[in-house]
Amino acid sequence: MASTNGTLSYHAASGYWHVTPLPHVAYKLKRLFPKILTAKTGTLQIKSTADVARDLEWFMTRYPFDMGPADLDRLTVLA
């Protein structure tokens, strides 16, 4: 899934999704996930839960991210 909106990957050691979005996409992502500090830039971390996976899956219909096949499988299964 190629895009120019950023990257999304799962980090099992921490249990968080790591998202490195473009600035305009980060703004939208922070509105969807209010626990992300609005002043945070660069790589954003979002706790991995079923609700988060469903929201990320929905968000990616508008702003697709580059991600590896294993991360995409995990997102799909969790959602």
Tell me which aspartates and glutamates have Cα within less than 17 Å of residue 35's Cα, excluding those fewer than 8 residues away on the same chain?
51, 55
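Where nothing but the Cβ of Lys and Arg (+1) and of Asp and Glu (-1) is charged, how large is the charge dipole of the chain around its Cα centre, in debye to the nearest 20?
Details: 9 positive and 6 negative charges, 76 e Å.
With Lys and Arg at +1 and Asp and Glu at -1, about 360 debye.
At a 1.4 Å probe radius, carbon and sulfur cover how many percent of the accessible area of region 13-79? The partial results should precede the final answer.
Working: 2470 of 4220 Å².
Answer for region 13-79 is 58 percent, counting heavy atoms of protein chains only.
The values are calculated or read from the model by the stated rules, or taken from the named source; none is laboratory data. This structure is a prediction, so every number in the text was calculated from the model and none was measured. With ideal geometry, Cβ positions are generated from the backbone for all residues, glycine too; neighbour counts draw on all protein chains shown. Ligands, DNA and RNA are excluded from the accessible area calculation, which covers all protein heavy atoms including side chains. Shrake-Rupley method; radii C 1.70, N 1.55, O 1.52, S 1.80 Å.
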